[in-house]
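Following: one structure in structure tokens, then a few remarks.
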Amino acid sequence: MKALNFLLFVVCLCAASQLYPQSYIFEYEFGDFKSSTAFYINSPGYIYLADDEDNSLIKLDTLGNKIKEVGGYGWGESTFDTPTDIYATSLNVLICDKQNHRVKAFDKDLNFISELYSRDNAIPDERFGYPISCALSSMGDLYVLDSENIRVLKFDLFGKFVLNFGGFDAGIHSLKNPKKLAISSDNSILVLEDSSIIMFDQFGNGKDIIQLGKKFSSFNVEGSNMVLVTNNEVYHGWLIDGEIFLQKLNLIGIDKISNIIDCKMFNNKLYILTTKSILVFRKGSENSY
């Protein structure tokens with residue numbers, strides 16, 4: 001009976017996605033960024049954005065008002081060399097400082113707290129270099145996507161190394177061209193490759209490989225929902241029992257969007273990050289065209 005209910009749900013979902021694509025209506029645009037690389041919206045509604053041309057970390061509100069900016073090129077506490085990914089809670093902000101091989105932590109007001117650096121560690125299993133993505137689990141564990149060794153490293157709440165996984169010894173779950181990682185509501189670790197998502201449990205065991213049927217450049221996960229982007233398109237996905245059902249979003253009120261970097265849903269609005277600005281859309285009726 002459960003299998004039949006699930007099948008009916010999938011059939012209805014697929015049919016609805018073809019007939020009534022979700023629509024979002026353009027509201028406003030803000031920002032004059034040089035070359036943004038990542039952003040994150042935390043639960044209180046503040047946007048944290050990285051720009052790799054001027055190596056800055058910026059805090060804004062959802063109307064685009066700049067609250068604070070730190071950065072500049074360098075090795076110091078509040079400077080960067082190619083910031084790549086951001087993860088923010090209501091209290092803290094984590095940022096991957098790629099060329100400096102670090103993950104740095106700031107408080108919500110962008111005051112420096114600490115950094116994690118392990119590239120010179122005497123134990124090879126604990127090293128990471130050129131980090132390109134990071135995220136925290138609900139238990140406070142930090143996961144870092146290591147682009148130098150092509151694997152994921154897990155650190156505990158105190159920054160102590162726990163394990164690495166997804167490397168060349170992971171068999172069919174070995175990473176090849178990872179782009180970004182995210183964590184689902186059950187603390188599964190999802191790693192986006194070109195046209196697939198490789199899923200691991202919190203102990204580093206490979207769980208599944210989900211084929212997307214299309215190449216994506218970035219994604220974000222909230223519970224069982226995810227948003228995936230290409231250079232000029234945005235898709236909404238549902239993660240159900242190891243399957244992903246994708247639906248291209250219908251963006252109304254703007255002719256064309258290019259150079260999409262990332263996208264997040266927040267309070268029934270869609271925030272699309274491009275290299276130069278953030279575009280904000282409100283949710284419209286399902287049959288709006």
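Just to check your reading of the model, which residue among 281, 216, 245 is in contact with a helix residue (DSSP H, G or I) (Cβ under 7 Å, 6 or more places away or on another chain) and either under 26 Å from residue 48 (Cβ atoms) or surrounded by 14 or more Cβ atoms within 10 Å (Cβ to Cβ) (or both)?
Working: 281 fails: in contact with a helix residue (DSSP H, G or I) (Cβ under 7 Å, 6 or more places away or on another chain); 216 fails: in contact with a helix residue (DSSP H, G or I) (Cβ under 7 Å, 6 or more places away or on another chain).
245 is the lone residue from the list that is in contact with a helix residue (DSSP H, G or I) (Cβ under 7 Å, 6 or more places away or on another chain) and either under 26 Å from residue 48 (Cβ atoms) or surrounded by 14 or more Cβ atoms within 10 Å (Cβ to Cβ) (or both).
Testing residue 170 on (1) under 30 Å from residue 62 (Cα atoms); (2) outside any strand (DSSP E or B); (3) of a type in the set (Gly, Ala, Ser), one condition comes back false. Which one is that?
Every listed condition holds for residue 170 apart from (1).
Could you say whether any residue in the range 251-258 is more than 21 Å from residue 277 (Cβ to Cβ) and either in contact (Cβ under 8 Å) with a residue 12 or more places away in the chain or in contact with a Leu (Cβ under 9 Å, 6 or more places away or on another chain) (or both)?
Taking every residue of the range 251-258 in turn, none turns out to be more than 21 Å from residue 277 (Cβ to Cβ) and either in contact (Cβ under 8 Å) with a residue 12 or more places away in the chain or in contact with a Leu (Cβ under 9 Å, 6 or more places away or on another chain) (or both).
If a residue has to be surrounded by fewer than 21 Cβ atoms within 10 Å (Cβ to Cβ) and farther than 15 Å from residue 228 by Cα to count, how many in the range 165-204 make the cut?
Going through the range 165-204 one residue at a time, the tally reaches 19.
Any residue in the range 127-156 that is in a strand (DSSP E or B) and modelled with pLDDT of 95 or more sitting within a Cβ distance under 8 Å of a residue that is of a type in the set (Asp, Glu) and surrounded by fewer than 20 Cβ atoms within 10 Å (Cβ to Cβ)? List the pairs, counting only those 6 or more apart or interchain.
So the pair list comes out as 142/156; 153/126; 154/141; 155/141.
Of all residues in the range 70-87, which are hydrophobic (A, V, I, L, M, F, W, C) and either farther than 11 Å from residue 103 by Cβ or at pLDDT below 95 (or both)?
70, 75, 80 - these are the residues of the range 70-87 that are hydrophobic (A, V, I, L, M, F, W, C) and either farther than 11 Å from residue 103 by Cβ or at pLDDT below 95 (or both).
The values are calculated or read from the model by the stated rules, or taken from the named source; none is laboratory data. What you see is a predicted model; the values in this text were computed from it and never measured. When we count neighbours, we look across all protein chains shown, and the Cβ atoms used for this are built from the backbone with ideal geometry, even at glycine.
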